[in-house]
Amino acid sequence: MNVFISADWEGIAGLVSWHQEKDDTMRARKLMTGEVNAAVDGALAAGATTILVNDSHGSMRNILIEELHPQAQLLSGGLKELSMMAGVQRDMDAAVFIGYHAKAGTTRAILDHTYSGSVVHEWRINGQPAGETTVNAAVAGYFGVPVVLVSGDNSLQDEVEALGAVHVQVKEAFSRYAALNLHPTVAQERIRTEVTKALGRLDAFHPFQPKTPVTLELDVTRSSMVEEILLIPGMKQTAPRTVAFTHDDVLVGFKAMLAAITLAGTVNRG
């Protein structure tokens, strides 16, 4: 069994502010690496033979490779064609998302955003709001890979369960910047146990495959961003701050949205 792990940062127990990423970098990286290792341990206990971990946060250079479980391979660094999902295309049987967070605009959710907090107000798939969990599950589904488990805070539960995956709560959000956290060892043991259980009943999970042709929409934070995004062939403006892209191929749509977010992020205030 080949297992893909996409590891984000905001949903890790003990992390509640982006200041920790700057002011307490090594400690934050250790906490992230610890939860990833727990998922690796759980996958190995379930019989996994290949485990690929994709560092999926920010610069994508967060996980401490010297402290990573030696039976896992680490894909690190930015400029990856599939971004948070790079590596899932390599004959994977299941995907696990560690340290994930709620979509932009979610009330009482730790550091809620969708791919870019400065650009994306909302991302929709066929008219339905989608966070990174759902968007990335669609990429996994393109390759026939089911998402079996997602860890993070309590605000993520509904989105995870709508995909038919297991939600592992490692903290309870009190606000965007405050949470009641499990101790790291408790959070890690919970992840380890639930990953083993989920992979042990792999047949119960199914890939998320949106109906095609799929329409992906972005509401962005400023109208000037739309002007830049419209440089992408096939992109249409449907409202002052909304663009839409329709295609028979989900992966083409996903890449178009990533390009749109990247272009929008270059727009100056003037």
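Within the stretch 234-254, restricting attention to residues that are out of contact with any helix residue (DSSP H, G or I) (no Cβ under 9 Å at 6 or more places or on another chain) and not small (Gly, Ala, Ser), which residue is nearest to Tyr115 (Cα to Cα)?
Val252
Could you run through the stretch 13-34 and say how many residues are in a loop (DSSP other than H, G, I, E, B) and under 16 Å from Phe97 (Cα atoms)?
1
Residues in the stretch 90-112 that are within 28 Å of Leu180 (Cβ to Cβ), in contact (Cβ under 8 Å) with a residue 40 or more places away in the chain and surrounded by fewer than 24 Cβ atoms within 10 Å (Cβ to Cβ): how many?
Adding up the residues that qualify gives 6.
Name the residue that is surrounded by the fewest Cβ atoms within 10 Å (Cβ to Cβ), counting only residues in the stretch 15-51 that are of a type in the set (S, T, N, Q) and farther than 14 Å from Gln73 by Cα.
Result: Thr25.
On the given criteria, is Ser116 among the hydroxyl-bearing types (Ser, Thr, Tyr) and surrounded by fewer than 20 Cβ atoms within 10 Å (Cβ to Cβ)?
On the way: among the hydroxyl-bearing types (Ser, Thr, Tyr): yes; surrounded by fewer than 20 Cβ atoms within 10 Å (Cβ to Cβ): yes.
When the stated conditions are applied, Ser116 passes them.
Would it be correct to say that Ala95 is part of a helix (DSSP H, G or I) and either farther than 24 Å from Ser59 by Cβ or touching a Pro at 6+ places or on another chain (Cβ under 9 Å) (or both)?
no
Based on this model, can you work out whether Asn37 counts as outside any loop (DSSP other than H, G, I, E, B), under 21 Å from Leu163 (Cβ atoms) and at pLDDT 95 or above?
So Asn37 does not fit the description; no.
Give the residue that is farthest from Thr212 (Cα to Cα), with candidates limited to residues of the stretch 236-254 that are assigned to a strand (DSSP E or B) and touching a residue at least 24 places away in the same chain (Cβ under 8 Å).
That would be Thr242.
Every residue in the stretch 52-79 that is surrounded by fewer than 23 Cβ atoms within 10 Å (Cβ to Cβ) and not in a loop (DSSP other than H, G, I, E, B), please.
Scanning the stretch 52-79 gives Leu52, Ile65, Glu66, Glu67, Ala72, Gln73, Leu74, Leu75.
Return yes when Leu79 is in the same structural domain as His183 (by TED's automatic domain parsing), at pLDDT below 95 and of a type in the set (A, V, I, L, M, F, W, C) and no when it is not.
Values: in the same structural domain as His183 (by TED's automatic domain parsing): yes; at pLDDT below 95: yes; of a type in the set (A, V, I, L, M, F, W, C): yes.
Spelling it out, Leu79 is indeed in the same structural domain as His183 (by TED's automatic domain parsing), at pLDDT below 95 and of a type in the set (A, V, I, L, M, F, W, C).
Among the residues of the stretch 193-237, which ones are within 23 Å of the chain's Cα centre (by Cα), farther than 24 Å from Gly144 by Cα and not hydrophobic (A, V, I, L, M, F, W, C)?
Thr193, Asp219, Thr221
The values are calculated or read from the model by the stated rules, or taken from the named source; none is laboratory data. Being a predicted model, the structure only gives us computed values, none of them experimental. When we count neighbours, we look across all protein chains shown, and the Cβ atoms used for this are built from the backbone with ideal geometry, even at glycine.
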